[in-house]
Structures are given as C-alpha cells and as structure tokens.
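The values are calculated or read from the model by the stated rules, or taken from the named source; none is laboratory data. Every value quoted in this text rests on a predicted model; they were computed, and no experiment measured them. Positions of Cβ are generated from backbone atoms using ideal geometry, with glycine treated the same way; all protein chains shown enter the neighbour counts. The protein model used for the area step is the full one, side chains on, heavy atoms only, and it has no ligands, DNA or RNA in it. Shrake-Rupley method; radii C 1.70, N 1.55, O 1.52, S 1.80 Å.
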Amino acid sequence: MILANAFCIVLFVDETLRSLAAPPSPPGQDPQGWRAPVDCVRANELCAAEPSCSSRYRTLRQCLAGRDRNTMLANKECQAALEVLQESPLYDCRCKRGMKKELQCLQIYWSIHLGLTEGEEFYEASPYEPVTSRLSDIFRLASIFSGMDPATNSKSNHCLDAAKACNLNDNCKRLRSGYISTCSKEISPTEHCSRRKCHKALRQFFDRVPSEYTYRLLFCSCKDQACAERRRQTIVPSCSYEDKHKPNCLELRNVCRADHLCRSRLADFHANCQASFQSLTSCPGDNYQACLGSYAGLIGFDMTPNYVDASTTSITISPWCSCKGSGNLEEECEKFLRDFTENPCLRNAIQAFGNGTDVNLTPRTHLVPVTVPPKTEKSPSPDDINYSNTIYDTSIITTCTSIQEHGQKLNKSKEQSLCYSETQLTTDTMPDQKTFVDPKAGGSRHWAGRILPAVPVLLLVLVL
C-alpha cells in the first residue's frame, strides 16, 4: 500500500515538473496555439520586424495593385505570399472604431482580406473588434431610470429632451452645433451646402461624443409627428442624406466599398444588424448595442441611413437609394435594401432603446414584477419653453418610459414595440476577451528547480 502511494506521488510530481519546466509560449499565444488578436497597426509592426513576413507582405501589396483576385492567384509568388501571411498576426488583426490610426489600420486589414475573398461578397466580415457592451450599460451611464414615472413623462417630447441634454455637455454641444452650422451653410444659389464637409462634421460628432448622448438624439421615442420629424432632422438630411436623384443601391454600395472607411462601416453594420431569426431579438448575439453602434457608424458616409418619414406607428430606415435600373440584379438589390427598410433587428433595437429596455440573457425560472418607486421631479424652468420653437434646440434628457407590463410575449411585427419587463433589464456586460499570456512564464524553471530536491523527502516520509 505504501509503495503504491509512493508510485502515485512520483507520477504526480513528474507531471508537475514537466509542465513547469516546459518552455514558455510565444508572446500572444497559449500552449494550444491560440493567438491573441492585435490591432492591425501593431500587427504590421510585428510583421515588419520579421524579415520573412515583411518581404511576403510587400509582395502581396504589389500583387494586389491593379489586379483582381483571380489574376493575383494565378501568380505562384503571390499565392505563396498570401499563404504565409495567413499564419501571421496580420491575418487575425482587427481595428477599433474611432482609434487614433483607424484609417491606417483599416487599410492594412483590407490589404490582406481583399485577397482572401472570392470576388464581391454580399456580406463581408467586419474589420472591427466585437462589441461587448450592451444597451444596459448606456442606460446606467446616463442614469436613465431617474424620474421614470410614465404618468408624468408620457407627454414629454423625448427628442427635444435629448437636444437639451446634449446642450448640457460641452463636447456634445460644440460638435453638434458645428455639424448643424456646416450642414446648413449655403455655398451658392445652386449648391445649398457642402455635402463633403457636412459628412465630415457628422462623423466627428458620432465618433467623439459618447453614445449616451448620440443615441438619445437618433433613437428617441416619439408619440407625435412633431417629435418624429425632429428625430428625422437630427442629421440635417437636406444636406447629409437627400440628393437631387436617387442612385441605384448597388451602385451606391460600390461607391461605398471603394472607400476603406465606408466599406468597413457597412461590413460592420451587416455583421451586427443582420437579421437572425434564431435569436430572441432577431439580432446577432441578442446585442442591441452592437447594432445601434454600427448604424450610427454609417452616418457621414455615402451610405448614410435615415428615417424615411415622420411616422409614429412604424419605423422605416433606408439609405438614399432605390432599385430602379437594377436589371438582372434587381433581386440582389432588393435584398440589400431590405437589410435597412425591413430589418427586424434594427427596428427592435431602436424600439428597445426608446422604451429604455434591454434583454436579460440570464436564464430565470421565475420572474417577480418590480415596482419602480416614483421620483421627485423638478418643475420645468422658463428656459425650457423656448426650446420648442426650433428643431435644433439643445438641453435634460428623458427617454421613452413606456415599459410594457410584465409577461408580454415577443412580437416581431413591424408595428409592435419590443419591450421587456423591469425584471428583464440587466446591466451585466459580456466579459472581455482574455489573453492567455503569462508575464511570469519565464520563471517556471526556477520553481521546478526548487521543487525537485523535495521529492526524496516526500518519498522518505511515506516509507516511514
């Protein structure tokens, strides 16, 4: 019996010493070969530091210059370079929206991935890192549940409130006033604004102002046409959205894909808003926040979307295009357009934000209704009255407070709001992606050296 126990301990100690004495994994890689993704700017730096990767990357860029994919792959040297780069950090790299070197990062990403795609794909993979935050995080940051009494807020113009809230934040107020001024400035009798400058100012606003302000301007809930028209006018559509004629949607998509930024934002929109009827909300990963963020990311580009009317009974979103003149590609064009006009994920996400609700993905066996205690509200100041005279007013936000009663079933019809009970609201965030890199891995052999002398002592104790 003693000998058997001693034998087991010897085996255990041997395995422990093997694992501790093993050489550490390369940086950014775990023992199973999993590689932690890095942004493409950093991946490019890592590739440049390795002669083999650097030379192959230069070769690939030369191969892609002025050639289509089939022509490129017909060249054996180009094909070999692509195969080598698929094993480099460049293949897994991603970008962050609004990062300091975003355009450079996206250029590096597409220099690799345009060579990997089989021609023009209908849906392209997003070059951006996955979104892990949720709408509930936006609600928490904005303290959205303060004063949430439907009886007192039912007649509030939530889009007007959103403008007032923006006015209380210096950054939001400055950038919003900037794009409104730019998009409303007449250039000449025949050109009422500079569309290019207007788009640039809009991009700066939505990239630099926190979502708790921008979302309220874009997705405020409305019960009358005056409110809905204010919401539609948020992006100054006469300059940023509308044009003298509507281009074909596939032609507009081609123009967008010729620009790395626009192409990336469109791919991100499809990745996060593509209707998924296998999920509770019709959104990929049941993440409303990812879809709304991708939608906002399209504003300020040729593919800028907007509300098509001031309807209060339904939500219809579309880019400024149609499918006239599509020829034999009409079916593809209609499919592309429906991803905006008849997208249940996008519609449900907008309604959920307006209702102040998010999806709780934690399984529950029993739901108990929660009553929100009434909060004391300040009486409106005289200055608030003046804000109702213009579309572009600024000032404190409340959002839609019409949370539906507990137990309502999901309805994905076009007119039905997607709401959840109070007990379904959650502020849990998805865990960040873990990187399996141990900075102290180099010291494992040192510990192995200290454990080894203890083995004879353990065996002696067992024998005695």
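Counting only other residues whose beta carbon sits under 12 Å from that of LYS185, what net charge do I get with K and R as +1, D and E as -1? Walk me through the intermediate numbers first.
Numbers: positive: ARG195, LYS197; negative: GLU186, GLU191.
Result for the neighbourhood of LYS185: 0.
Pull out the extension gain between LYS96 and VAL308, defined as 0.36 nm times the separation in residues minus the alpha carbon to alpha carbon distance; nm, one decimal. Write out the running numbers ahead of the final one.
Working: separation 212, 0.36 × 212 = 76.32 nm, distance 3.00 nm.
My answer for the length gained is 73.3 nm.
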Return the subset of LYS100/LYS200; LYS164/LYS185; LYS244/LYS324; LYS246/LYS324 for which the Cα-Cα distance in this structure is over 18 Å, preserving the input order. LYS164/LYS185
1.4 Å probe accessible area per residue over the stretch 221-335, in Å²: 39
Calculated from backbone phi, Karplus (6.51, -1.76, 1.60) coupling profile of the stretch 248-253 in Hz, x at Gly/Pro: 5, 4, 6, 5, 5, 5
Computed from the beta carbon distance with a Förster radius of 25 Å, FRET efficiency for GLN79 and SER54 to the nearest 0.05 stands at 0.85
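Ignoring ligands, DNA and RNA, what percent of the 1.4 Å accessible area of the stretch 320-361 is carbon and sulfur?
Details: 740 of 1620 Å².
Whole-percent figure for carbon plus sulfur exposure: 46.
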For ARG196, placing the label point 7 angstrom along Cα-to-beta-carbon and taking the stretch 302-343, residues whose amide nitrogen sits under 14 Å are 302
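Evaluate E = 1/(1 + (r/R0)^6) for PHE122 and GLU45, where r is the Cβ-Cβ distance and R0 equals 30 Å; express this FRET efficiency to the nearest 0.05. Walk me through the numbers before you get to the answer.
Numbers: r = 33 Å, r/R0 = 1.11.
FRET efficiency, PHE122 to GLU45: 0.35.
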Through the Karplus equation 6.51 cos²θ - 1.76 cosθ + 1.60, θ set to phi - 60°, convert the phi angles of the stretch 297-304 into ³J(HN,Hα) values in whole Hz; use x for Gly and Pro. x, 7, 6, x, 10, 4, 8, 3
The percentage of the accessible area of the stretch 209-269 (probe 1.4 Å, all protein chains present) made up of carbon and sulfur atoms, to the nearest whole number, is 46
